[in-house]
Amino acid sequence: MNLSHLNSIQQRAVTSTEGPYMVIAGAGSGKTSVLTHRIAYLLEAAHINPSNILALTFTNKAATEMRQRIENMVGPAAKNLWLGTFHSIFARILRKEADRLGYPRNFTIYDTDDSRALLRSIIKEMNLDDQVYKPYVVLARISGAKNRLITAQAYANSALYQADDESARKPHLGTIFLKYVDRCFKAGAMDFDDLIFNTHQLLRYAEVLYKYQECFRYIMIDEFQDTNMAQYAIVKDLAMLHKNICVVGDDAQSIYAFRGADIHNILNFEKDYATLSVIKLEQNYRSTQNIVYAANSIISHNKAQFKKVVWTDNDVGEPIDLIRATTDAEEGRLVAASIYESRANHKLRNNDFAILYRTNSQSRAIEEALRKMNMSYRVVGGMSFYQRKEVKDLLAYLRLLINPNDEAALKRIINLPKRGIGANSVDKMVTAATDHAIPLWKVVCHASSFLGSRVGNTIEEFAAMIQQIAAELSQRDAYDIASCIAKRSGLLKELHEDKTVEGLGRYENVQELLNGVKEFTTNPENEDTSLAAFLQEVALATNADTVDQEVTDKITLMTIHAAKGLEFAYVYVVGMEEGLFPSQLMLESRADLEEERRLFYVAVTRARQRIFLTYAMTRYRFGRLKHCEPSRFITEIDPAYLQMKTQRALQVAHSEGYARRLVSSIARNAQKPPQQTHAMNNFQPSDMTHIEVGMQVAHPRFGRGTVCQLDVSGDVRKAKIDFVDFGEKTLLLSFAKIKILDRIPE
């Protein structure tokens, strides 16, 4: 196998296959290439059976890319690898073994909306205030417990958790947790956390654990720094027999503590493996030297880390630009104008640019500025296709066909389209199911016995329709079944009759879902083309899997968390202010602040060529105008890599250790027009038809300068101007505000 295109450290990571290894992969160091070559090396050079290799990732997109690369190297053998996300691989194991835990093998996977809907029902049934017991807050608490492998029974019986809940004025959380788990179990459903939690429970059976230890002789984990306690506990159990485990990650990019990720998994990994070998990938192939070394200076302020020195042979590149704005609205305008100029000056496309922010709400001012300049953009993190109401409605019908005990799906569609089955009737059936300790579906099938003949007969007709179509699951393919239920249910008819633009869009979305089922069933790479397999694939899709699918030329707007794993030529990190970034919520402990710093590190290392940091002196937050202080992170960047006016002041801030005190004065002067242009705030731009080489001009942002070159040959007229304080800049004459002052005397 030819590995000559890899550097010597990468080659070592690829060929060291026996025993425990940890690969610390700096940003842009080619970790995906190392992982894929390592798996290919096991298959081709070490002749390992592909079914004995387990490779775990965090997104389907990453898994698909890895599989395609491996197939290109070794051929069809890659199809038999156990390669996928934690959730998809563990769901696959649970499908085979679920009966040991009392679940059906065709269990439903609840998404966040399903879980919240179930919690909403439980909270209502318990006559609790849903403003105190907000479903998303309760779900987060339950999720946190499951990620720490705490059962509902253990939680409810814990004096410590009871005390925490009492102090939070939510004393019934333990009871809600118990009811939630019980209802999921009776509905034959698992939420995302259950896929991990129940796999851990499953491996408590000695024969099951040994079976999968023997199966997974070689284990690899991508983005290991993002694993939570439960994920690592499972992997540790699986690797116990053969100990051929290789984890790849970067502690400097651990940014998901709010999802349960535990940085200690990577920091303390060597404690579990006495013979562990550590390999550090420190050469960056992505970014310029200025970006790489600026990022090093940022992360050096963290104490909890593996020491490494990331370096690059790439060009030096431009220093980081620091842009100061008076308001968040001006910040948006400056960013838009900067992109406009960079795009024109360097012949770039919109999709070369990304604007990253700490919170989604920051996109508003940016979007307004881009719209005013007629610049195309997309906001990543909006509603995905599978979260649209009409799509989820049809998916609920399909889920009910597979698993009639799926309570969330049943409640969603029992009166959709309207059949005269009101919420009151549904509540009565839920109560009857609880009182008689029977599944809700059984009540539905005999509704007239519980509710009377009028509404009961209607409900039983609905149940009969579901049963008739479900009976054909084994005789007809998934597409035929999906098309049948879409028509028989009345969903397609109702959407087709809505002739509004929105109605047409909803109808097309349902048709697109049916197209997706058709494509899935006809794809020769899918071994299992059943409706259950399709629903599992949809349920396990993540937002990160759809980030890159839009190929049109648009500027990308997204949170920094969503940007992890991506890269762009030019990156703007906006809102670099104390209380915003770092977030006010992350200032209570060193660990929290270090996570914020790692988030900043991730933002900076997304850029290949240029990085811009912007901050506003005032910003509207929660309806009030707030005066802002520039982020402490700005002063943590080595001043050698910053492009700003007050280099000397910044150096003093670093050396004297009182950056917090000086950062405001530094920031006030950064990028400020020279003193001689103070009176030009409201100046009128001159007619650019009279501009000539050699003229002295003024710009409201860059101050005084001299025209040193003109390009008026094409449709776009440009001028290169040597500004006193900012050096040479190329500006578009049709866009830039320039005032002609005088010609330099000869």
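The values are calculated or read from the model by the stated rules, or taken from the named source; none is laboratory data. Note that the structure is a prediction, hence the values are computed from the model and not measured. Every residue, glycine as well, gets a Cβ built from its backbone with ideal geometry; the counts of neighbours run over all protein chains shown. The protein model used for the area step is the full one, side chains on, heavy atoms only, and it has no ligands, DNA or RNA in it. Shrake-Rupley method; radii C 1.70, N 1.55, O 1.52, S 1.80 Å.
With a cut-off of at least 2 residues that are buried (at least 21 other Cβ atoms within 10 Å of the Cβ), name the helices (runs of 4 or more DSSP H) lying wholly within the stretch 163-282.
Working: elements: 173-186, 192-202, 206-215, 229-239, 264-267, 269-272.
Those helices (runs of 4 or more DSSP H) span 173-186, 192-202, 229-239, 264-267.
Before we move on, is GLU494 out of contact with any Gly (no Cβ under 7 Å at 6 or more places or on another chain), closer than 24 Å to ASP191 by Cβ and either open to solvent by 50 Å² or more (accessible area, probe 1.4 Å) or modelled with pLDDT under 85 (or both)?
Working: out of contact with any Gly (no Cβ under 7 Å at 6 or more places or on another chain): yes; closer than 24 Å to ASP191 by Cβ: no; either open to solvent by 50 Å² or more (accessible area, probe 1.4 Å) or modelled with pLDDT under 85 (or both): yes.
No; evaluated as a whole, the condition is false for this residue.
May I ask you to verify whether ASP687 is of a type in the set (D, E, K, R), open to solvent by 80 Å² or more (accessible area, probe 1.4 Å) and modelled with pLDDT of 80 or more? It would help to see each step written out before you state the result.
Working: of a type in the set (D, E, K, R): yes; open to solvent by 80 Å² or more (accessible area, probe 1.4 Å): yes; modelled with pLDDT of 80 or more: yes.
Here the answer is yes, as ASP687 does meet what is asked.
Which count do you get for residues in the stretch 494-510 that are touching a residue at least 40 places away in the same chain (Cβ under 8 Å) and among the charged types (D, E, K, R)?
Number of matching residues: 2.
When the residues of the stretch 129-149 are narrowed to those that are surrounded by fewer than 18 Cβ atoms within 10 Å (Cβ to Cβ) and free of Cβ contacts under 8 Å to residues at least 60 places away in the same chain, which ends up nearest to ILE234 (Cα to Cα)?
ALA140
Yes/no matrix, rows are residues, columns are (1) modelled with pLDDT under 90; (2) closer than 26 Å to VAL292 by Cα; (3) outside any strand (DSSP E or B):
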site: THR618; (1), (2), (3): yes, no, no
site: LEU625; (1), (2), (3): yes, no, no
site: PHE633; (1), (2), (3): no, yes, yes
site: LYS645; (1), (2), (3): yes, yes, yes
site: ARG648; (1), (2), (3): yes, yes, yes
site: VAL652; (1), (2), (3): yes, yes, yes
site: LEU662; (1), (2), (3): yes, yes, yes
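Does any residue of the stretch 283-294 turn out to be part of a strand (DSSP E or B) and either closer than 30 Å to PHE224 by Cβ or over 24 Å from the mean Cα position of the chain (by Cα) (or both)? Don't jump to the end; show me each part of the working.
Kept after step one, since they are part of a strand (DSSP E or B), are these residues of the stretch 283-294: 283.
When the remaining residues are screened for being either closer than 30 Å to PHE224 by Cβ or over 24 Å from the mean Cα position of the chain (by Cα) (or both), the result is 283.
Within the stretch 283-294, one or more residues are part of a strand (DSSP E or B) and either closer than 30 Å to PHE224 by Cβ or over 24 Å from the mean Cα position of the chain (by Cα) (or both).
So which residues in the stretch 188-232 are more than 21 Å from VAL247 (Cα to Cα) and of a type in the set (Lys, Arg), if there are any at all?
Selection gives ARG204, LYS211.
This table checks each residue for (1) assigned to a helix (DSSP H, G or I); (2) surrounded by 22 or more Cβ atoms within 10 Å (Cβ to Cβ).
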| site | (1), (2) |
| --- | --- |
| THR326 | no, no |
| GLU331 | yes, yes |
| VAL335 | yes, yes |
| SER338 | yes, no |
| ARG343 | yes, no |
| LYS347 | no, no |
| ASN351 | yes, no |
| LEU356 | no, yes |
| GLN362 | yes, yes |
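Test ALA486 against the criterion of being part of a helix (DSSP H, G or I), without any contact (Cβ under 8 Å) to a residue 60 or more places away in the chain and either farther than 30 Å from TYR103 by Cα or not basic (Lys, Arg) (or both), and give yes or no. Steps first, answer last, please.
Values: part of a helix (DSSP H, G or I): yes; without any contact (Cβ under 8 Å) to a residue 60 or more places away in the chain: no; either farther than 30 Å from TYR103 by Cα or not basic (Lys, Arg) (or both): yes.
Spelling it out, it is not the case that ALA486 is part of a helix (DSSP H, G or I), without any contact (Cβ under 8 Å) to a residue 60 or more places away in the chain and either farther than 30 Å from TYR103 by Cα or not basic (Lys, Arg) (or both).
How many residues are within 12 Å of LEU238 (Cα to Cα) and more than 25 Å from the chain's Cα centre (by Cα) if we restrict to the stretch 203-226?
14
Of the residues GLU519, GLU525, GLU594, only one is assigned to a helix (DSSP H, G or I), among the charged types (D, E, K, R) and open to solvent by 20 Å² or more (accessible area, probe 1.4 Å); which?
Numbers: GLU525 fails: assigned to a helix (DSSP H, G or I); GLU594 fails: open to solvent by 20 Å² or more (accessible area, probe 1.4 Å).
One residue alone meets the criteria, GLU519.
Please work out if SER384 is polar (S, T, N, Q), at pLDDT 90 or above and more than 30 Å from GLN468 (Cα to Cα).
Values: polar (S, T, N, Q): yes; at pLDDT 90 or above: no; more than 30 Å from GLN468 (Cα to Cα): yes.
Spelling it out, it is not the case that SER384 is polar (S, T, N, Q), at pLDDT 90 or above and more than 30 Å from GLN468 (Cα to Cα).
Would you mind listing the helices (runs of 4 or more DSSP H) fully within the stretch 395-479 where at least 2 residues are surrounded by 15 or more Cβ atoms within 10 Å (Cβ to Cβ), over 39 Å from the mean Cα position of the chain (by Cα) and not hydrophobic (A, V, I, L, M, F, W, C)? Give the steps one after another, and end with the answer.
Working: elements: 407-413, 423-436, 440-445, 447-451, 453-470.
Answer list for the stretch 395-479: 423-436, 453-470.
So which residues in the stretch 26-56 are charged (D, E, K, R) and either at pLDDT 95 or above or out of contact with any helix residue (DSSP H, G or I) (no Cβ under 7 Å at 6 or more places or on another chain) (or both)?
First pass over the stretch 26-56, keeping only residues charged (D, E, K, R): 31, 38, 44.
If the condition is that a residue be charged (D, E, K, R) and either at pLDDT 95 or above or out of contact with any helix residue (DSSP H, G or I) (no Cβ under 7 Å at 6 or more places or on another chain) (or both), then LYS31, ARG38 are the ones that fit.
For the stretch 701-740, name all the residues that are modelled with pLDDT of 75 or more, in contact with a Lys or Arg (Cβ under 7 Å, 6 or more places away or on another chain) and open to solvent by 20 Å² or more (accessible area, probe 1.4 Å).
Answer for the stretch 701-740, where residues must be modelled with pLDDT of 75 or more, in contact with a Lys or Arg (Cβ under 7 Å, 6 or more places away or on another chain) and open to solvent by 20 Å² or more (accessible area, probe 1.4 Å): CYS708, GLN709, ASP711, VAL724, GLU728, THR730.
Could you list, in sequence order, the residues of the stretch 566-578 that are surrounded by fewer than 21 Cβ atoms within 10 Å (Cβ to Cβ) and touching an Asp or Glu at 6+ places or on another chain (Cβ under 8 Å)?
Of the residues in the stretch 566-578, the ones surrounded by fewer than 21 Cβ atoms within 10 Å (Cβ to Cβ) are 566-567, 569, 578.
LEU566, ALA569, GLU578, listed by residue number.
Write out, first by first residue and then by second, each pair whose Cβ atoms fall under 7 Å of each other, whose residues are 6+ apart or on separate chains, and whose first residue, in the stretch 178-196, is closer than 13 Å to ILE142 by Cα while the second is among the aliphatic types (A, V, I, L, M) and part of a helix (DSSP H, G or I).
LEU178/ALA152; LEU178/ALA156; LYS179/ILE122; TYR180/LEU118; TYR180/LEU119; TYR180/ILE122; TYR180/ILE142; VAL181/ALA152
Please go through (1) of a type in the set (A, V, I, L, M); (2) under 28 Å from THR326 (Cα atoms); (3) under 45 Å from the mean Cα position of the chain (by Cα); (4) at pLDDT below 75 for ALA679 and return the number of the only condition it doesn't satisfy.
Of (1) of a type in the set (A, V, I, L, M); (2) under 28 Å from THR326 (Cα atoms); (3) under 45 Å from the mean Cα position of the chain (by Cα); (4) at pLDDT below 75, only one is false for ALA679: (3).
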